[in-house]
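Working notes, beginning with the structure itself.
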Amino acid sequence: MKIWKEGHMKIGIKDEHEIKLMRESGRILGLILHELGKNILPGMTGLELDAMAEKMMKDYGVVPSFKGYKGFPNVTCINVNDQVVHGIPTRKPFQEGDKVTIDCGVIYQKFHSDSAITKGVGNIDLELSKFIQTAEKALKKAIETARPGIRIQTISGVIQDVIEKNGYSVVYDLIGHGIGLNMHEDPQVPNYRDINPGPILQPGMTIAIEPIFTMGNSEVKTLKDGWTIVTLDGSTAVQVEHTIAITEKGCEVLTKRPDES
Ligand code: MG
Ligand code: MG
C-alpha cells in the first residue's frame, strides 16, 4: 500500500489486490446487513439481531470490528428512534412505527468494511418514510459524486444540501471516515462543508460515507452507558452508510447489498 500524505493526513492508496480484499469484506457485510434488514420487524429485539449478525460473521469467516472496540460489547450498533449512533443492542422489542438503524463492521484478511441501514418497523408514517428516503438519497448522491480529482468537501456539500433542503439538521459531531487496515482512518468525511476542504480523491482511496441527521436540531448527547448517542431534543435521527473505493472513473460501492442496483 502506498501512502498519500497531505498536511498531517496519511491516506492509504490500496492496490488492486488490496481492493479485492476490501471488496470481499464489503460483499460479506452487505449480505449480513441484507439478512438483518429483513428481520427489522415488530417484536424483534436488537440483541436478537446482534446474535444473528455474530453467527453470520462466524459462518462467513469474518471478524467483527465493533466488538471489543474501546470495549464496545456487541458486533452491531442498533439505534432506535432518537438514538443516533453507537447504540448498544437491548432486549427491548421493536414496536410498529419505530425507526431502527443497524450499523455494522467486519474484517476480512485484515481489511475493514463499515456499513449501516435504516428501516421502519412494520407500518410507518409518511414523515418517517420521507426521512429515511432522504438519507438514502443523500448517500446515493454522494456516491454519484465521488470520483478522482474532487475534494472531500464536494461530497460533504452534496450531503448537506440534500439534508437541509428537506428541512432536516446535520449532526456536526458525527462524520464519515477513511477505512482500510483500520476502521477509522484519514480523511474525515463530514456531512457538511467544513472550512478544511479535505484531500483530493485519488483511485485506491477507500472511505466510509455516512449521512447522519435528525428531524429536529443538531445537538446530541451521550447516555450514561458511555456509548449510546441520542438527540438532545428527542427527535428521530437517521444514519445510512456505505464503504466505497475511488476508481479511475468514479467509485465502487464495496458494501452493496443484494437488493441494491
Ligand atoms: Mg458504521
Ligand atoms: Mg463508519
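The values are calculated or read from the model by the stated rules, or taken from the named source; none is laboratory data. In this text, all values refer to a predicted model and were calculated from it rather than measured experimentally. Every residue, glycine as well, gets a Cβ built from its backbone with ideal geometry; the counts of neighbours run over all protein chains shown. The protein model used for the area step is the full one, side chains on, heavy atoms only, and it has no ligands, DNA or RNA in it. Shrake-Rupley method; radii C 1.70, N 1.55, O 1.52, S 1.80 Å.
Just one of (1) touching a residue at least 60 places away in the same chain (Cβ under 8 Å); (2) buried (at least 17 other Cβ atoms within 10 Å of the Cβ); (3) within 27 Å of Leu47 (Cα to Cα); (4) within 14 Å of ligand 1 (Cβ to nearest atom) fails for Asp82. It is (4). Sub-8 Å Cβ pairs linking a first residue in region 43-61 that is farther than 13 Å from Ile88 by Cα and at pLDDT 95 or above to a second residue that is open to solvent by 50 Å² or more (accessible area, probe 1.4 Å) and assigned to a helix (DSSP H, G or I), at least 6 apart or interchain, are Met52/Glu35; Met56/Glu35, ordered by first then second residue.
Count, please, the residues in region 1-10 that happen to be in a strand (DSSP E or B) and within 12 Å of Leu181 (Cβ to Cβ). Before the answer, list the steps.
Taking region 1-10 first, the residues in a strand (DSSP E or B) are 2-6, 9-10.
After this cut, where a residue has to be within 12 Å of Leu181 (Cβ to Cβ) as well, the list is 3, 10.
Adding up the residues that qualify gives 2.
For region 145-161, which positions are touching a helix residue (DSSP H, G or I) at 6+ places or on another chain (Cβ under 8 Å) and open to solvent by 10 Å² or more (accessible area, probe 1.4 Å)? Thr145, Thr154, Val158, listed by residue number. Against the criterion of being within 16 Å of ligand 2 (Cβ to nearest atom), assigned to a loop (DSSP other than H, G, I, E, B) and at negative phi, Gly105 does not qualify.
Yes or no, residue by residue, for (1) touching a Ser or Thr at 6+ places or on another chain (Cβ under 8 Å); (2) over 25 Å from Arg27 (Cα atoms):
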site: Tyr69; (1), (2): no, no
site: Val75; (1), (2): no, no
site: Lys92; (1), (2): yes, yes
site: Cys104; (1), (2): yes, no
site: Ser129; (1), (2): no, yes
site: Thr154; (1), (2): yes, yes
site: Asp161; (1), (2): no, yes
site: Asn166; (1), (2): yes, yes
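Among the numbered criteria (1) over 18 Å from the mean Cα position of the chain (by Cα); (2) part of a strand (DSSP E or B), which one does Ile78 miss? If we test Ile78 against (1) over 18 Å from the mean Cα position of the chain (by Cα); (2) part of a strand (DSSP E or B), just (1) comes out false. Restricted to region 120-144, and to residues there that are away from ligand 2 (no atom under 16 Å from the Cβ) and in contact with a helix residue (DSSP H, G or I) (Cβ under 6 Å, 6 or more places away or on another chain), the residue that is least open to solvent (accessible area, probe 1.4 Å) is Gly120.
Quick one: which strands (runs of 3 or more DSSP E) lie wholly within region 187-261 and hold at least 2 residues that are within 18 Å of the chain's Cα centre (by Cα), surrounded by 14 or more Cβ atoms within 10 Å (Cβ to Cβ) and touching a residue at least 40 places away in the same chain (Cβ under 8 Å)? First the steps, then the outcome.
On the way: elements: 206-209, 212-214, 220-222, 229-231, 237-239, 242-246, 251-253.
It comes to 206-209, 212-214, 229-231, 237-239, 242-246, 251-253.
Report, by residue number, each residue of region 172-186 that is within 13 Å of ligand 2 (Cβ to nearest atom), in contact (Cβ under 8 Å) with a residue 24 or more places away in the chain and either in a loop (DSSP other than H, G, I, E, B) or small (Gly, Ala, Ser) (or both). Leu174, Ile175, Gly176, Gly178, Ile179, Gly180, Asn182, Met183, listed by residue number. A Cβ distance below 8 Å, combined with a sequence gap of six or more or placement on separate chains, defines the contacts here; from region 93-111, residues that are under 30 Å from Leu21 (Cβ atoms) and open to solvent by 10 Å² or more (accessible area, probe 1.4 Å) reach no residue that is more than 16 Å from ligand 1 (Cβ to nearest atom) and polar (S, T, N, Q).
Take region 42-68 and flag every residue that is under 16 Å from the mean Cα position of the chain (by Cα) and either in a strand (DSSP E or B) or surrounded by fewer than 16 Cβ atoms within 10 Å (Cβ to Cβ) (or both). The answer is Pro64, and nothing else. So which residues in region 11-34 are buried (at least 16 other Cβ atoms within 10 Å of the Cβ) and either among the acidic types (Asp, Glu) or in a strand (DSSP E or B) (or both)? Within region 11-34, Ile11, Gly12, Ile13, Glu18, Glu24 meet the criteria.
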